[in-house]
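Remarks on the structure that follows.
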Amino acid sequence: MRNLTRQSKSVGSLITLLALFLFLLLPAFAAAQSVNLTWEASNSQNIVGYNVFRSMNADGPYSQINSALDPNTSYSDNTVQAGKTYYYVTTAVDNQGVQSAYSNQSEAVIPGGGSGSENALYSFAGGNDPRLPYAGLIFDKAGNLYGTTEFGGTDNQGTVFEITASSNGGWTESVLYNFTGSEDGGQPYGSLVFDSSGNLYGTTNFGGSTNCNLGCGTVFKLTPGSGGWTESVLYTFSGGTDGGEPYARLLLDASGNLYGTTLLGGNIGSVCSSGCGTVFKLAHGSSGWTESVLYAFEGGSDGASPYDGLAFDPAGNLYGSAYAGGTSSNGTIFKLTPGSSGWTESVIHAFASGYDGTHPYGDLILDATGNLYGTAYQGGHEGYGMVFQLQPSSNGRWREKVLHGFANTPAGNPVGGLVMDTAGNLYGTTMLGAVTTTCSNGCGALFKLTPSTGGAWTYKVVHDFGQGTDGYHPTGDLILDSTGNLYGTTQAGGAQGSGMVFQIMH
């Protein structure tokens with residue numbers, strides 16, 4: 001590698017970029033990749049630090065990638081992506097704030113890594129920066145990513161954030177809104193949804209009404225404008241018959257109405273002292289938003305405590321999961337059918353524990369033929385959860401098929417839902433299990449299920465979390481881009497320890 005020296009007119013000395021080293025963990029771990037830079041210190045006594053710049057084009061233009069002046073003579077770039085080429089230069093800054101000319105340029109070619117290799121797009125730092133992203137992500141039309149974190153932000157009550165791809169191949173994070181835990185809501189668990197005008201909608205678990213200990217939760221809207229994003233509360237839950245603590249993402253219909261679930265509220269004091277949860281609708285009218293409860297769970301065979309969001313079929317029926325209740329108190333999959341006198345709930349599957357599975361957490365998805373797919377947190381072959389399919393029949397009954405039962409190693413205990421690619425393959429994550437022992441009960445994994453002739457499904461671990469500066473404990477749903485790459489979040493870990501946004505290459 002060449003090391004060129006160029007005289008700086010401003011500072012009177014030059015940095016020389018001595019060496020560029022690319023370190024990769026073993027490919028079997030599909031670990032995040034990084035570029036480690038070192039350079040020769042300036043011989044001027046007035047130098048107080050250095051800046052590092054990067055480009056995806058030889059000879060620039062360059063963008064600064066260090067957030068603050070670095071007094072050291074080394075830097076690790078943890079935001080590189082597999083299959084890309086990067087060009088680096090550095091500058092020296094003196095005690096008057098004067099910056100030198102660029103050093104010589106060094107080049108790093110990042111191996112493609114192949115299917116299953118991971119790119120760390122952003123690692124959360126906590127504090128005023130977000131932390132603990134429980135939910136998954138969504139794309140906008142330009143390919144930028146949006147999500148929520150349960151904590152972090154200026155009041156440590158959670159945030160809405162955006163991750164934007166930059167021209168130099170990296171990703172930049174910005175916080176769109178900091179929740180205060182007061183009337184605006186606090187501690188969002190669910191992912192977001194866009195409307196056709198580019199507005200974002202979501203829920204917060206807490207904040208809003210003071211009827212509940214930490215607040216009963218809200219439904220909010222974020223509106224983009226020239227000065228940033230403006231938050232407005234569309235509905236504040238009271239914790240009574242209207243529901244309380246909405247954990248899940250919202251569902252938007254073609255008319256702009258919103259649908260969701262609450263963990264509590266509804267039928268108060270019958271079976272559940274704080275209510276067994278609800279399915280609700282927010283209708284948008286000329287005078288604002290009006291909430292109505294489509295169904296209030298009774299806590300018996302109908303189910304109780306819906307954690308997750310809803311799914312529409314083409315006929316306008318709603319499907320969801322209840323974590324508890326049912327004939328064996330292990331949770332249910334329910335259907336809500338609209339009619340002239342309201343919505344009718346029916347249980348299409350009640351989990352019976354054992355091989356069947358228990359306690360469904362994740363969102364449901366439907367395929368083109370009307371089959372439902374989801375995950376259960378426990379039960380299955382070894383008690384560590386399972387992936388299931390529900391097939392409708394002509395007589396109105398649904399038949400459950402267990403596609404995979406987890407056995408802790410190599411993965412266990414799925415919390416997020418599934419995503420299906422155009423070939424019919426299913427992808428999901430487990431919060432625990434996997435081969436990594438750095439986390440108590442395992443760090444989690446990303447898996448793939450491939451259908452084959454005869455109805456069998458082949459299971460494969462695509463990525464084990466918890467290696468090095470990798471994140472761990474993924475709980476949100478995954479999303480796919482147009483080329484089949486997967487994106488998601490981990491609650492914890494990452495280079496700064498407060499969770500991360502990742503990309504898994506197809």
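The values are calculated or read from the model by the stated rules, or taken from the named source; none is laboratory data. The structure presented is a predicted model; accordingly, all values stated were derived computationally and were not measured. A quick note on method: Cβ atoms are made from the backbone with ideal geometry, for glycine too, and the neighbour counts reach across all protein chains shown. Only protein heavy atoms, including side chains, enter the accessible area calculation; ligands, DNA and RNA are left aside. Shrake-Rupley method; radii C 1.70, N 1.55, O 1.52, S 1.80 Å.
Taken together, the residues in segment 358-376 that are part of a loop (DSSP other than H, G, I, E, B), among the aliphatic types (A, V, I, L, M) and in contact (Cβ under 8 Å) with a residue 24 or more places away in the chain amount to 1. Could you say which residue among ALA58, ALA68, ALA28 is modelled with pLDDT under 85, among the aliphatic types (A, V, I, L, M), out of contact with any Asp or Glu (no Cβ under 6 Å at 6 or more places or on another chain) and open to solvent by 20 Å² or more (accessible area, probe 1.4 Å)? From the options ALA58, ALA68, ALA28, the qualifying one is ALA28.
If the condition is being open to solvent by less than 20 Å² (accessible area, probe 1.4 Å), farther than 20 Å from LYS141 by Cα, within 14 Å of the chain's Cα centre (by Cα) and not polar (S, T, N, Q), then segment 463-491 contributes GLY471, PRO474, GLY476.
Residues being assigned to a loop (DSSP other than H, G, I, E, B) and either closer than 26 Å to ALA254 by Cα or modelled with pLDDT under 95 (or both): count how many of those fall in segment 184-198. Give the steps one after another, and end with the answer.
If we filter segment 184-198 for residues that are assigned to a loop (DSSP other than H, G, I, E, B), which is where we start, we get 184-185, 187-192, 195-198.
Filter again for either closer than 26 Å to ALA254 by Cα or modelled with pLDDT under 95 (or both), leaving 188-192, 195-198.
Summing the residues that are assigned to a loop (DSSP other than H, G, I, E, B) and either closer than 26 Å to ALA254 by Cα or modelled with pLDDT under 95 (or both) in segment 184-198 gives 9.
Look at segment 110-121: where a residue is of a type outside the set (Val, Ile, Thr) and a partner is at pLDDT below 75 and part of a strand (DSSP E or B), sitting 6+ places away or on another chain with Cβ atoms under 9 Å, you get PRO111/LEU22. I'd like to check something: does segment 324-333 contain any residue that is open to solvent by less than 10 Å² (accessible area, probe 1.4 Å), in a strand (DSSP E or B) and not hydrophobic (A, V, I, L, M, F, W, C)? Scanning segment 324-333, I find at least one residue that is open to solvent by less than 10 Å² (accessible area, probe 1.4 Å), in a strand (DSSP E or B) and not hydrophobic (A, V, I, L, M, F, W, C), so the answer is yes.
Residue by residue, here is whether (1) free of Cβ contacts under 8 Å to residues at least 12 places away in the same chain; (2) buried (at least 23 other Cβ atoms within 10 Å of the Cβ); (3) touching a His at 6+ places or on another chain (Cβ under 7 Å); (4) among the hydroxyl-bearing types (Ser, Thr, Tyr) holds:
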residue: ASP140; (1), (2), (3), (4): no, no, no, no
residue: ASN144; (1), (2), (3), (4): no, no, no, no
residue: SER167; (1), (2), (3), (4): no, no, no, yes
residue: SER174; (1), (2), (3), (4): no, no, no, yes
residue: TYR177; (1), (2), (3), (4): no, no, no, yes
residue: GLY181; (1), (2), (3), (4): no, no, no, no
residue: TYR189; (1), (2), (3), (4): no, yes, no, yes
residue: SER197; (1), (2), (3), (4): yes, no, no, yes
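Among the residues of segment 131-149, those that are part of a loop (DSSP other than H, G, I, E, B) and within 13 Å of MET500 (Cα to Cα) comprise LEU132, PRO133, TYR134, ALA135, GLY136, LEU137. The set of residues in segment 402-416 that are within 16 Å of GLY380 (Cα to Cα) and either in contact (Cβ under 8 Å) with a residue 40 or more places away in the chain or open to solvent by less than 10 Å² (accessible area, probe 1.4 Å) (or both) comprises VAL402, LEU403, HIS404, GLY405, PHE406, PRO410, ALA411, GLY412, PRO414, VAL415.
Across segment 199-224, the qualifying residues are those that are more than 22 Å from PRO133 (Cβ to Cβ) and modelled with pLDDT of 95 or more, and the one among them that is least open to solvent (accessible area, probe 1.4 Å) is CYS216. Of the strands (runs of 3 or more DSSP E) contained entirely in segment 236-322, those carrying at least 2 residues that are among the hydrophobic types (A, V, I, L, M, F, W, C) and crowded, with 17+ Cβ neighbours inside 10 Å fall at 278-285, 288-296, 318-322. All told, LEU294 falls short of being closer than 22 Å to GLY217 by Cα, within 23 Å of the chain's Cα centre (by Cα) and touching a residue at least 24 places away in the same chain (Cβ under 8 Å).
Return the residue satisfying two criteria in turn: it lies in segment 337-378 and is among the hydroxyl-bearing types (Ser, Thr, Tyr) and crowded, with 17+ Cβ neighbours inside 10 Å, and of such residues it is farthest from LEU250 (Cα to Cα). Break it down stepwise before answering.
Just the residues of segment 337-378 that are among the hydroxyl-bearing types (Ser, Thr, Tyr), to begin with: 337, 340-341, 344, 346, 353, 355, 358, 361, 369, 373, 375, 377.
If we keep only those that are crowded, with 17+ Cβ neighbours inside 10 Å too, we end up with 353, 358, 361, 373, 375, 377.
Details: SER353: 29, THR358: 24, TYR361: 15, TYR373: 19, THR375: 19, TYR377: 22 Å.
Ranking the qualifying residues of segment 337-378, first place goes to SER353.
Please work out which residue is most open to solvent (accessible area, probe 1.4 Å), limiting yourself to segment 225-235 and to residues that are under 20 Å from ASN178 (Cβ atoms) and in a strand (DSSP E or B). So, considering only residues that are under 20 Å from ASN178 (Cβ atoms) and in a strand (DSSP E or B), the one most open to solvent (accessible area, probe 1.4 Å) is THR230.
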